[in-house]
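Everything on this sheet refers to the single structure shown next.
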Amino acid sequence: MANVGNQLTIPTQAVSKPASGKHGNVLPLWGNEKTMNLNPMILTNVLSSPYFKVQLYELKTYHEVVDEIYFKVTHVEPWEKGSRKTAGQTGMCGGVRGVGTGGIVSTAFCLLYKLFTLKLTRKQLMGLITHTDSPYIRALGFMYIRYTQPPTDLIEWYDGFLDDEEELDVKAGGGCVMTIGEMLRSFLTKLEWFSTLFPRIPVPVQKIIDQQIKARPRKIAQKEAQEEESASTESGRQGERRRSRSPRRTPSPRRSPKRSRSRSHHRERDRHGPSFDRELERERDRQRKEREGRDRDRDRGDRGDRERRRSRSADRNQDRRERRRSRSGSRDRRSERKDKERDGGDDRGRRKDRDHHKDRGTERERSRDRKSRGESDDRRHKDDRERHREERKAKRSSRSRSRERRHKSGGEEKGRKRERSHSREKDRERDGEQRSHKRSRSKERSHHQRESNNDHSKHSERRRSQSTE
């Protein structure tokens, strides 16, 4: 298939843009802007389905979603076939309400909610409902209008398509073929769509819609009336011609209308062409399928009622038999108990004595076993205690030996340290004495030098004084 977005051609039955309540290319949204007015059960299944979360999440544009509809959608029912069981449920748990019995949501409704997330414009919505590649693309576009547009604008959107003859199978698994026009009429006149509900239309608006639909006859009915009129006129003409040609022969009333109808039918074929024959065949097939579906529904209903009655009768018979058995069993038990009470008084006493002696013997044996177990446990405890004591003594002796060794080694080391300290002190004393001797010698030398210097100075002064004298 080529690019779907570039081939949006509008057929001859295109809808003109209605003027009331519509401005520009932006579509108004009616109702809840988050849920699209969908059933909560369907909406939760759509949002939690892996198809919507994984595969449809990757589709970002309008054209990609349209291509996905073309390849994946095969029906317009909200649930897949066999995934939702509503047999025997009534009231709020019925199939229409959608309460308590979820299933696998269909790809059609997942893609419908995906279109809602894209916020379609008027031009895109017109492209959907006038698409030529697949009737399911158009069906989803009309369903989008039914869920999101105001009720007053529905008849304006659907007006040009109420007689559209393009067929599609709307049921999951097949078996419910209808045209686009029939589907739109059901959208406008019924709230129920398989196992869900459309948004409610106000009563005044619904009355107006019903009046407009009744005032507008179907094109198919008009064609049938024209066909009957043409057949009757042709039959009259054929009878007049035969009477004029052969007045003696009078054609039988059973064969003449058949011949006239066949000839008129051939003439109508020549007039209208092959499209008229196709329309007639489609309408006949549709009526035949509707009859077969009604007959099947009746047969199924009759079979279901019969099976229910049979199951109920079988259940009742079983209950009665069980009650009788329980009553007979209880009576037998009572009679047996009475007989035993009468005949088994002595036996009971003997049994009690035997049981009492047996209990005493078993108690004695148990007490002996307990005593022997206690003695063995005491012996084990004593042996363990003695072992622990010996181990403690051995540890203590080893600790004392190690301490003595450490003490001896510590004393020797202390003596060595003391000797070393004494030797160091002696060396220090010797060094101090040597230093003191050196200091004293240096002092004596300095004193001698001073005395000699003093003597030399005295001699020099004496000489000076003598020289001066």
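The figures follow:
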{"read-out": "Residues being within 17 Å of Gln287 (Cα to Cα), touching a helix residue (DSSP H, G or I) at 6+ places or on another chain (Cβ under 8 Å) and open to solvent by 30 Å² or more (accessible area, probe 1.4 Å) - total across segment 164-200", "value": "7"}
{"read-out": "Hits in segment 201-215 - residues which are of a type in the set (Lys, Arg) and either surrounded by 15 or more Cβ atoms within 10 Å (Cβ to Cβ) or within 15 Å of Tyr158 (Cα to Cα) (or both)", "value": "Lys214"}
{"read-out": "Candidates Tyr158, Tyr113, Tyr147 - the one that is outside any strand (DSSP E or B), of a type outside the set (Lys, Arg) and open to solvent by 10 Å² or more (accessible area, probe 1.4 Å)", "value": "Tyr113"}
{"read-out": "Pair list, Cβ < 9 Å and 6+ apart or interchain, from segment 46-68 residues that are part of a helix (DSSP H, G or I) to residues that are exposed (fewer than 11 other Cβ atoms within 10 Å of the Cβ) and not acidic (Asp, Glu)", "value": "His63/Asn3; His63/Asn6; Asp67/Met1; Asp67/Asn3"}
{"read-out": "Residue match in segment 450-467 (condition: loosely packed, with under 10 Cβ neighbours inside 10 Å and of a type in the set (Gly, Ala, Ser))", "value": "yes"}
{"read-out": "Index of the failed condition, Leu168 passing every other in (1) closer than 21 Å to Ile213 by Cα; (2) touching a Pro at 6+ places or on another chain (Cβ under 7 Å)", "value": "(1)"}
{"read-out": "Some residue of segment 341-350 being under 30 Å from Glu167 (Cα atoms), of a type in the set (Lys, Arg) and either part of a helix (DSSP H, G or I) or open to solvent by 80 Å² or more (accessible area, probe 1.4 Å) (or both)", "value": "no"}
{"read-out": "Considering residues of segment 46-64 that are among the hydrophobic types (A, V, I, L, M, F, W, C) and farther than 14 Å from Ile104 by Cα only, the residue farthest from the chain's Cα centre (by Cα)", "value": "Leu59"}
{"read-out": "Set Leu162, Leu112, Leu188, Leu197: member being at pLDDT 90 or above, among the aliphatic types (A, V, I, L, M) and within 30 Å of Thr61 (Cβ to Cβ)", "value": "Leu112"}
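To keep it simple, each residue is scored yes or no on (1) open to solvent by 80 Å² or more (accessible area, probe 1.4 Å); (2) modelled with pLDDT of 90 or more.
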position	(1), (2)
Gln13	no, no
Ser49	no, yes
Glu58	yes, yes
Val66	no, yes
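The values are calculated or read from the model by the stated rules, or taken from the named source; none is laboratory data. Here the structure is a predicted model, which is why all the values come from computation and not from measurement. FYI the Cβ positions are ideal-geometry reconstructions off the backbone, even for glycines, and counts take in every protein chain you see. Calculation scope for accessible area: heavy atoms of the full protein, side chains included, ligands and nucleic acids excluded. Shrake-Rupley method; radii C 1.70, N 1.55, O 1.52, S 1.80 Å.
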